Amino acid sequence: MIVFEHVDKTYANGYKALKDVSLSIEQGEFVAIIGLSGAGKSTLIRTINRMHDITAGKLTVDGVEVNSLRGKALQKFRRNIGMIFQSFNLVTRTTVIKNVLAAKVPELPLWRVIFGIFPEKDCLEALEALDKVGILDKAYTRVDQLSGGQQQRVALARTLAQNPGIILADEPVASLDPVTAKQVMQDFKRINQELKISVLINIHHVDLALQYADRVIGISGGKIVYDGSAESVTKDV
Ligand code: ADP
Ligand code: ADP
C-alpha cells in the first residue's frame, strides 16, 4: 500500500511541483495519473521509488517511510518497484534476453554479465517474463530490430523479471501509435490482473486511461484535482 500524506515536492530551484498531495493506493490497484504536460505526474510517480525526495509530508510504501531508507535497504526497496519509461531505456545493440537478464544484475557477479554467462534459473525466469508479454519468440533478437511496441514489452518483461510488487510507468505509450498503445495498455492490464501487481501509469491520453485503469487520479499544477473510478469520470463528463 502506497500512502501520501500532505506531500510537497519543491525542486532545488524552488519550483513547487507537488502541493499537499494526500492519497492512498491499495495493493493490486491499476491507477492512471492524468494531467497536462508539466502538471506533476512524473514528479508524483518518481517520489514513490525515491528518484525524487519529497520535501514535506509523509510517504510510506507498505508502512515504510520512503525518505528514511538508506543504502542496502533503499536498494532492496527499489527492487520491489519496477519502472517503465516512455523511451523504453533498453540497451538496443544487444539481444532481448540480455536486456531482461539485466534486471538480475544486482544479484549476479559482474563477470557473468560481461561474458554473457547467466545461470539457467535466471534464463528460465527471463524467458518466462517474455512469454507473459507475448514476445518469447523475440528472445534472441537484437532490440534495435523490434518495433516500439515490442520494445516496450521487453521493458515490461525486464521489470517482471525483478518480481516487483509495484510497477510505475511514466508515459509508457506516449511514443507509440494508437493501435500499439492499446496493445501495451492491455499488457499492463493483464499483468495487473493475473499477477496482482499494483500498476501506476502516467498517461496524457484520457481515453486510454478510462478504458484500462480502474481508478483515475487527475493532477493539475501539482495538486490532486480528481480521484475516482474510471466509470465515475465518464459519468461526470
Ligand atoms: P531533486 O531535488 O529531486 O534531487 P533537482 O532539483 O536536483 O532534483 O534536479 C534534478 C535534475 O533535473 C537536475 O539535473 C536538473 O538539472 C534537472 N532539471 C532542472 N529543471 C528541470 C525541469 N524544469 N524539468 C526537468 N528537469 C529539470
Ligand atoms: P508531468 O510529468 O506532468 O509533465 P513533471 O512532474 O515532469 O510533470 O513536472 C512538473 C513541473 O516540475 C514542471 O513545471 C517541470 O518543469 C518541473 N520540474 C520537473 N523536474 C524538475 C527539476 N528537476 N527541477 C525543477 N523543476 C522541475
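The test for being in contact (Cβ under 8 Å) with a residue 12 or more places away in the chain, within 25 Å of residue 18 (Cα to Cα) and surrounded by 15 or more Cβ atoms within 10 Å (Cβ to Cβ) holds for residue 213. Residue 23 - would you say it is under 29 Å from residue 211 (Cβ atoms), of a type in the set (A, V, I, L, M) and near ligand 2 (Cβ under 9 Å from one of its atoms)? It is false that residue 23 is under 29 Å from residue 211 (Cβ atoms), of a type in the set (A, V, I, L, M) and near ligand 2 (Cβ under 9 Å from one of its atoms).
If you go through the stretch 94-109, how many residues are surrounded by fewer than 21 Cβ atoms within 10 Å (Cβ to Cβ), touching a helix residue (DSSP H, G or I) at 6+ places or on another chain (Cβ under 9 Å) and not polar (S, T, N, Q)?
The number of residues fulfilling the criteria is 7.
Just one residue in the set 181, 169 is open to solvent by less than 30 Å² (accessible area, probe 1.4 Å) and within 27 Å of residue 6 (Cα to Cα); that residue is 169. Among the residues making up the stretch 154-166, those that are touching a Lys or Arg at 6+ places or on another chain (Cβ under 7 Å) and open to solvent by 10 Å² or more (accessible area, probe 1.4 Å) are 160, 162. Against the list (1) surrounded by 22 or more Cβ atoms within 10 Å (Cβ to Cβ); (2) within 15 Å of ligand 1 (Cβ to nearest atom); (3) within 17 Å of the chain's Cα centre (by Cα), the condition residue 49 fails is (1). All conditions but one from (1) at pLDDT 95 or above; (2) open to solvent by 60 Å² or more (accessible area, probe 1.4 Å); (3) more than 16 Å from ligand 2 (Cβ to nearest atom); (4) in a loop (DSSP other than H, G, I, E, B) apply to residue 91; the one that does not is (1). Note on the stretch 122-237: no enclosed strands (runs of 3 or more DSSP E) hold 2 or more residues that are of a type in the set (Phe, Trp, Tyr) and under 14 Å from the mean Cα position of the chain (by Cα). Can you find even one residue in the stretch 7-17 that is more than 16 Å from ligand 1 (Cβ to nearest atom), surrounded by fewer than 16 Cβ atoms within 10 Å (Cβ to Cβ) and over 20 Å from residue 203 (Cα atoms)? No, the stretch 7-17 contains no residue that is more than 16 Å from ligand 1 (Cβ to nearest atom), surrounded by fewer than 16 Cβ atoms within 10 Å (Cβ to Cβ) and over 20 Å from residue 203 (Cα atoms).
The values are calculated or read from the model by the stated rules, or taken from the named source; none is laboratory data. Because the structure is a prediction, the values reported are computed rather than measured. Positions of Cβ are backbone-derived with ideal geometry, glycine not excepted, and every protein chain shown enters the neighbour counts. Protein only, heavy atoms only, side chains kept; ligands, DNA and RNA dropped before computing areas. Shrake-Rupley method; radii C 1.70, N 1.55, O 1.52, S 1.80 Å.
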